[in-house]
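In what follows, a single structure is set out as C-alpha cells and then discussed.
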Amino acid sequence: MNYQIKNRVVGVDISVKRTTYAIVDIRGNILARNFFPTNDYANVNDFITVLCEKVIELTEQNGGYENIRSMGISAPSANYLTGCIENAANLPWKGIIPLAAMLRDRLGMAVALGNDGHITALGEHAFGTAHGMKNFIIMTLGHGVGSCIFTDGKVHLGNEGFAGEIGHTCIVDNGRECGCGRRGCMEAYVAQKGIIATAKELMAESDAPSLMRSLEELTPKTIVDCCEQGDEMAIEVYRRTGVVLGISVANYASVLDPEAIIFTGGISNAGHWLFDPAYEEFENHVYHNIKGKVKFLRSSIDDRERDVLGASALAWGIKEYSLFK
Ligand SMILES: [Zn+2]
C-alpha cells in the first residue's frame, strides 16, 4: 500500500506582461517562484515549450517533479469549462487556445484554467478575506473590471463559463464607448480608463482650479494623490466613480444576496475616496431586506501572491491525473 501523497501544486499566472509560476504546498506556502516575459512568445507553442521547461526546472530544484500533484493557471479570458483561453484581447495569441489540454499532454499531469475573477475568488476563499464564507462576490478593479460570483460554497460559472461579467453590464444608456464595442458599460466608468475620462470631463466642465491640471501624468494613483492634498475636483472624480460603482454593485447584490463584496485590484487602493461614496450609494439602492447586511471588504492577500495562490487553489480542486500510472 502506498500512503505517499503528492503534496505540492504549481500555480501559474499568465498576464499580458509576464508569466509567473510558483510551487505551492498543501498549506498555501509559496516554496519557490519565478517569472518570464509573456510577450516574447508570439507563437503559443513556443510559450508552452518554455513554460514547461521552466516549471520542470523549478520543481527539480525544489523537491522534485514527482511531488507535484497538478497545475492551476490564471489567464485573461480563460474558460474553466473548456480549458481554453478564448479570444483574449491583450494576449499575443488570438482565437481559441486549448491551453489546459496542451499542457496536460506535455507535463503528464492534470491542468486547469480559470479567468482572473474565478482564480481570485478561489484564492480569497482558501487563503484570504472570504475564508469560511459561502456567498460572496469578488470585484477586481484595474485596467478592466473582473468579477466572480461565489454562491452556496462554490464558484458560479454559468452555462458557457462566463458568469459574473458585471463590468459589461450597461449602467448608462448610450453612454461612454467601452473596449467591448458597446456603450455605457460599468467598466467604462469604474476601471482605469473610465476614471481618467471622468477627470478629463470634470476639468472640461469648468475653469475651477485643480492640482490635476498640472499633473504630468493623469492616472488613478496621481488623482488619489490630489485627493490626499484636499483637491476638490479630484475628490469629485472618485465621488462620481463611487456613485456608478455603488449603484451597479447594489443591483448585483440585490440579485445574489451575498455576505460580502470583496474588492481587489489597483483602483481599490483609492480607499475611502472611492468606497465611502460607493457604499453610501450602494445602501441607497440595494434591496431593502439586505440593506445594512452586505459587507464591503478589501482583499487580505498580497497583490504579488494573489494570482499564483488562487491558481494553486484551482489546482487542488481538480482530479489528479498522471500519464505514468
Ligand atoms: Zn463593455
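The values are calculated or read from the model by the stated rules, or taken from the named source; none is laboratory data. The structure presented is a predicted model; accordingly, all values stated were derived computationally and were not measured. Virtual Cβ from ideal backbone geometry, glycine too; neighbours counted across all protein chains shown. We work out accessible area using only protein heavy atoms, side chains counted, and drop any ligands, DNA or RNA first. Shrake-Rupley method; radii C 1.70, N 1.55, O 1.52, S 1.80 Å.
Summary value for the chain: 21 percent relative contact order, contacts being C-alpha pairs under 8 angstrom separated by 6+ residues.
Inter-part distance, region 121-187 to region 269-325, computed on C-alpha centroids, equals 9 Å. Here the Karplus relation 6.51 cos²θ - 1.76 cosθ + 1.60, evaluated at θ = phi - 60°, turns the backbone of region 240-251 into coupling constants of 5, 4, x, 4, 5, 4, x, 5, 4, 6, 5, 4 Hz, with x for every Gly and Pro.
Normalising by residue count, region 94-223 has a Cα convex hull of 186 Å³ per residue. One quarter of the surface of the convex hull around the alpha-carbon atoms of region 1-54 equals 4.9 nm², the direction-averaged projected area.
Taking amide H positions as modeled 1.01 Å from N, with prolines and chain starts lacking one, the residues under 5 Å from residue 163 and 5 or more places away or on another chain are 158.
Using a probe of 1.4 Å on the protein chains alone, the accessible area found for residue 56 is around 60 Å².
For the chain, the orientation-averaged shadow of the C-alpha convex hull comes to 18.4 nm² (one quarter of the hull surface).
A helix-only calculation puts the chain at -11500 deg cm²/dmol for mean residue ellipticity at 222 nm, using -39500 (n - 2.57) for each DSSP H run of at least four residues, averaged over all residues.
Between residue 7 and residue 53, what is the label-to-label distance in nm when each label sits 7 Å out along the Cα-to-Cβ direction? Taking the two extended label points, one gets 3.2 nm. For region 6-129, rounded, prolate or oblate, judged on the Cα gyration tensor with a ≥ b ≥ c (square roots of eigenvalues), a/c < 1.5 rounded, else prolate if a/b > b/c? Note, shape of region 6-129 comes out oblate. Over region 128-219, Cα pairs under 8 Å with separation of 6+ residues give a relative contact order of 18 percent. Here the Debye sum runs over all C-alpha atoms of region 164-283 as equal scatterers in vacuum, and log10 of I(q)/I(0) at q = 0.10, 0.12, 0.13, 0.19 Å⁻¹ comes out as -0.30, -0.43, -0.50, -1.03.
The C-alpha radius of gyration of region 148-219, expressed as a fraction of 2.2 N^0.38 Å, stands at 1.50. Straight-line reach from residue 221: taking Cα to Cα under 19 Å and skipping same-chain neighbours fewer than 8 places apart, the aspartates and glutamates in range are 187, 201, 231, 232, 236, 276, 302, 303.
Its Cα centre serving as origin, region 212-254 has a Cβ charge dipole (Lys and Arg +1, Asp and Glu -1) of approximately 260 debye. Straight Cα distances below 15 angstrom link residue 154 to the aspartates and glutamates 124, 257, 259, with same-chain residues fewer than 8 positions distant left out.
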